[in-house]
Amino acid sequence: MKVVVSDDYVLMDIFIGYDASTVEAYVACTGSIRENTRDEVAEIHGLNHRKLRADNLFDRQWSVDEVGQFWDQEDGRPFSTEFSFTRFCTIPLARRMGITDWVMFCDSDFIFPHDLTKLFDYCRGYPDKAVMTVQFDWQPEEGAVKMDGRQQSQYSRKLWSSLMMINMSHPSNSKLTTEVVNSASGTRLHNFFWLDESEIGCIPAQWNWIEGVSDANTVPAGIHFSHGLPTHPGYTNCRYSTEWWEYLHRQLTYLGDSQNFEGLQP
């Protein structure tokens, strides 16, 4: 999906995690980008694990138990979505595509009411950084669940990888290969173990705003429904749920079918 503004543009490559069980999140997220990113061209790439497997970029194995909980076969730990690991394919995939500029990854449970050009411009001012994120200092309570009852895992740098700005020209990112993505533990990957501390930069907190975690008074540029989508029980009336539904419905109208999600997967 490409959002074209003019013939004179700089391309922004945006990679979005895709989970077949929450297609509506992917639709709302892409719709918000289409509506609000105006100054450059946003090229959106959905990270569908089935396509990544077919393209020999991802072969990590997992299982799903009787309650729908994902379990990684490599490290034996639970995880929440189909893109928990495929997010890290962003770097080898962008490398294969020949991209050398900054790229963005986000979970699909975001909406962006502000122009992402501003975020890309901000990060381009830090060429010494390999990855930039909102650096949360937060952990869920032991035994907590999210979304539709999936386990909340505890690990350091929790939530940092949910929105990543990645400098594809930085030499340290060459260390994250397809082989590493498919074999390293989730804890190491989410901690950006391939980078030195000084190579991880910080972006303003407004770009990854989470209810109950972020400052309630912040005006968000990116709203992250990390705990649960407005479609999940208990989150129907969460903050900014009205805006999420509006982006979903407008994007479905734009796509030409307000009822059927078939054919919307990347």
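List of remarks:
- Every residue from segment 23-70 that is among the β-branched types (Val, Ile, Thr) and touching a His at 6+ places or on another chain (Cβ under 9 Å): THR37
- Figure legend. Inter-residue proximity from segment 88-110: first residues under 21 Å from ARG188 (Cβ atoms), second residues among the hydrophobic types (A, V, I, L, M, F, W, C) and assigned to a helix (DSSP H, G or I), beta-carbon distance below 7 Å, spacing 6+ or different chains. Indicated pairs: PHE88/VAL181; PHE88/LEU189; CYS89/LEU52; CYS89/VAL181; PRO92/VAL181.
- All positions within segment 205-233 that are surrounded by fewer than 13 Cβ atoms within 10 Å (Cβ to Cβ) and not polar (S, T, N, Q): GLY212, ASP215, ALA216, VAL219, PRO233
- Unique residue being touching a Phe, Trp or Tyr at 6+ places or on another chain (Cβ under 7 Å), modelled with pLDDT of 95 or more and more than 21 Å from PHE79 (Cα to Cα) when the list is ALA205, ALA221: ALA221
- Selection of segment 234-255 for residues being surrounded by fewer than 18 Cβ atoms within 10 Å (Cβ to Cβ), more than 19 Å from THR30 (Cβ to Cβ) and among the hydroxyl-bearing types (Ser, Thr, Tyr) yields only THR236.
- Residue in segment 230-248 that is under 20 Å from the mean Cα position of the chain (by Cα) and of a type in the set (Lys, Arg) present: yes
- Segment 1-23, subset under 26 Å from SER226 (Cα atoms), surrounded by fewer than 20 Cβ atoms within 10 Å (Cβ to Cβ) and not hydrophobic (A, V, I, L, M, F, W, C), residue modelled with the highest pLDDT: SER21
The values are calculated or read from the model by the stated rules, or taken from the named source; none is laboratory data. Being a predicted model, the structure only gives us computed values, none of them experimental. When we count neighbours, we look across all protein chains shown, and the Cβ atoms used for this are built from the backbone with ideal geometry, even at glycine.
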